[in-house]
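Colleague: Here you go, one structure.
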């Protein structure tokens, strides 16, 4: 397992699909994962310390887990099949580790709220079209500039307030 951090959020310039960028601690490998606009907004809001007026779905899930005596331990992007990423959320409850299947976007949104690590399996790292900073220096630079220029309102402007 390789521990990754959320390096940022952005839009794929080809089709404007939102994506989350995971990076390793040394910033040598970057793994973009395409996600939905709602999950992107949830991640962006948490990364920017923007508190919604009411709990969002990921807040609700975290609160349920905690109220039931569980503790979110970590999330793992554990597989990729036909271009689709898979993840698990590990929860410690009653001295047992429970693994729940999840979409990576939901797992990452939960991880940033619970302040727990995100891991990616070596299998995923090898199979995914990740960006290696040494091999693709110019592409990495462009991608990082693109991600660094994103703002939370780029995601939240798509939502109406309740």
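The values are calculated or read from the model by the stated rules, or taken from the named source; none is laboratory data. Just so you know, these numbers come straight off a predicted model, no measurement behind them. Every residue, glycine as well, gets a Cβ built from its backbone with ideal geometry; the counts of neighbours run over all protein chains shown.
Colleague: Out of the strands (runs of 3 or more DSSP E) lying entirely within the range 1-61, which hold 1 or more residues that are more than 14 Å from the chain's Cα centre (by Cα)?
Modeller: On the way: elements: 2-11, 18-24, 29-34.
The qualifying strands (runs of 3 or more DSSP E) are 2-11, 29-34.
Colleague: While we're here: For residues in the range 71-92 being at pLDDT below 95 and more than 17 Å from the chain's Cα centre (by Cα), which is surrounded by the fewest Cβ atoms within 10 Å (Cβ to Cβ)?
Modeller: Residue satisfying both the conditions and the ranking: 82.
Colleague: If you don't mind, there's one more thing I want to ask. Scan the range 110-121 and give yes if some residue there is surrounded by 19 or more Cβ atoms within 10 Å (Cβ to Cβ), at negative phi, out of contact with any strand residue (DSSP E or B) (no Cβ under 7 Å at 6 or more places or on another chain) and in contact (Cβ under 8 Å) with a residue 40 or more places away in the chain, otherwise no.
Modeller: yes
Colleague: Is it the case, given these coordinates, that residue 41 is within 23 Å of residue 19 (Cβ to Cβ), touching a helix residue (DSSP H, G or I) at 6+ places or on another chain (Cβ under 9 Å) and at pLDDT 95 or above?
Modeller: Numbers: within 23 Å of residue 19 (Cβ to Cβ): yes; touching a helix residue (DSSP H, G or I) at 6+ places or on another chain (Cβ under 9 Å): yes; at pLDDT 95 or above: no.
Criteria not met by residue 41.
Colleague: Considering only the range 69-85, I want to know if a residue exists there that is more than 28 Å from residue 122 (Cβ to Cβ), in contact with a strand residue (DSSP E or B) (Cβ under 8 Å, 6 or more places away or on another chain) and not in a loop (DSSP other than H, G, I, E, B). Steps first, answer last, please.
Modeller: Restricting attention to the range 69-85, the residues satisfying the condition of being more than 28 Å from residue 122 (Cβ to Cβ) are 69.
With the extra rule that they be in contact with a strand residue (DSSP E or B) (Cβ under 8 Å, 6 or more places away or on another chain), the set shrinks to 69.
From the residues that got through so far, the ones that are not in a loop (DSSP other than H, G, I, E, B) too are none.
Checked the range 69-85: no residue is more than 28 Å from residue 122 (Cβ to Cβ), in contact with a strand residue (DSSP E or B) (Cβ under 8 Å, 6 or more places away or on another chain) and not in a loop (DSSP other than H, G, I, E, B).
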